[in-house]
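Novice: Structure below; questions to follow.
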Amino acid sequence: MTKFHSAMMSRRGFCLCCAGAATMAATGTWLTPSEAFAQARAIVFFIKSDAANAEISVTPLRRGVSALQGSGGNMAVLTGPDGKLLVDAGISVSQPKIKAALASIDAAPIKHLVNTHWHFDHTDGNEWVNGAGGVILAHENTRKRLSSAQRVEDWKFDFPAVAAAAIPTEVFTDSKEMRLNDSTLALKYYGPAHTDGDISVYFEEADVLHTGDTFWNGIYPFIDYSTGGNIDGSIRAAEANLILATDKTIIIPGHGPIGTRAQLQDFRDMLVAIREKVATLKGQGRSVDDIVAAKPSASLDAKWGQFVIDGGFFTKLVYEGV
Ligand SMILES: [Zn+2]
């Protein structure tokens, strides 16, 4: 069990997209995909309540950039005389602990918030962050998703439109550059990948890359087909991250531990390997249940399938897109 795995499982076994984990913790076995999906709806509520008990860790990286972990997706913070810029906002119930974590870095006020995509475990804190002074910036599709009700089919969950104060007021289409705290931030749209609004945030001088949910370090990722994601776009996003990163780049994934380019390469290679196997089987006319039963990810599950999504769930997600 990895350090991340054990740390997260100690939090009662709940995590985003972890459709089977709650029952896994109770029974010691994974659910089948269909059983897991039936559990998915309740998981969204559990994630929110679980975040209330989670501790928030602060990891200083380079040149005023830190990572905050423990509430939903991983967050980044850039601080300095121009105030703090946050990348993603965590779960709203974590507000007191996130505030304390930010105050432990320095006294600079929150001035900006960038959302990597619309998912609630990255945007649930938008409203309080905006109330604290953070102007919210995102891709235009993220604003669209947050502004109206969304159904995520694989979670069996309907999300209402968010409060007005939680909606991004600044959006862009392809790329955007910001200068703040003696730092250059390059924001770049991936195209449809994990959703249809994923962006990367690259802190150039610090050489720190926040990938949003286009990179889950060491674990199978969720792919949200309901709001524009797909496996091929996810592979393209992983390859875009590889082009941007060098061996010196510090990479903050959406989920999992802070990583390296080598780990990003492993993630991309895993996506491609399973995509090819599932595409071949689907091309033979086999059904999704038949393909899941054939366990095309079997050789990779020991490494990647021990946490939020098991091999069967991930195979089903890949099947949807090939
Ligand atoms: Zn996500």
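The values are calculated or read from the model by the stated rules, or taken from the named source; none is laboratory data. Every value quoted in this text rests on a predicted model; they were computed, and no experiment measured them. All Cβ positions, glycine included, derive from the backbone under ideal geometry; neighbour counts span all protein chains shown. Note: areas computed on protein heavy atoms with side chains; ligands, DNA, RNA excluded. Shrake-Rupley method; radii C 1.70, N 1.55, O 1.52, S 1.80 Å.
Novice: For residues that are open to solvent by 20 Å² or more (accessible area, probe 1.4 Å) and not in a loop (DSSP other than H, G, I, E, B), scanning just the stretch 189-212, find the one that is nearest to the ligand (Cβ to nearest atom).
Specialist: Within the stretch 189-212, the match that is nearest to the ligand (Cβ to nearest atom) is Tyr189.
Novice: Mind listing whichever residues of the stretch 245-297 are among the hydroxyl-bearing types (Ser, Thr, Tyr), in contact (Cβ under 8 Å) with a residue 12 or more places away in the chain and open to solvent by 10 Å² or more (accessible area, probe 1.4 Å)?
Specialist: The answer is Thr246, Thr260.
Novice: Answer with yes or no whether Leu113 is without any contact (Cβ under 8 Å) to a residue 40 or more places away in the chain, open to solvent by less than 70 Å² (accessible area, probe 1.4 Å), within 19 Å of the chain's Cα centre (by Cα) and more than 20 Å from Ile56 (Cα to Cα).
Specialist: no
Novice: Within the stretch 71-84, take every residue that is open to solvent by 10 Å² or more (accessible area, probe 1.4 Å) and over 26 Å from Asp196 (Cα atoms) and give me the one that is nearest to the ligand (Cβ to nearest atom).
Specialist: The extreme case among them is Thr79.
Novice: Looking for whichever is within 15 Å of the ligand (Cβ to nearest atom), surrounded by fewer than 20 Cβ atoms within 10 Å (Cβ to Cβ) and touching a residue at least 12 places away in the same chain (Cβ under 8 Å) here; the options are Ser226, Ser148, Ser175, Ser234. Which one fits?
Specialist: Step by step, each of Ser226, Ser148, Ser175, Ser234 is checked, and only Ser226 is within 15 Å of the ligand (Cβ to nearest atom), surrounded by fewer than 20 Cβ atoms within 10 Å (Cβ to Cβ) and touching a residue at least 12 places away in the same chain (Cβ under 8 Å).
Residue-by-condition table, conditions (1) over 20 Å from the mean Cα position of the chain (by Cα); (2) more than 20 Å from Asp207 (Cα to Cα); (3) crowded, with 17+ Cβ neighbours inside 10 Å:
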residue: Ser57; (1), (2), (3): no, yes, no
residue: Ser66; (1), (2), (3): no, no, yes
residue: Leu86; (1), (2), (3): no, no, yes
residue: Ile91; (1), (2), (3): no, yes, yes
residue: Pro96; (1), (2), (3): yes, yes, no
residue: Ile105; (1), (2), (3): yes, no, no
residue: Ala108; (1), (2), (3): yes, yes, yes
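Novice: Do the conditions hold for Ala161, that is, is it part of a loop (DSSP other than H, G, I, E, B), away from the ligand (no atom under 15 Å from the Cβ) and farther than 21 Å from Val65 by Cβ?
Specialist: yes
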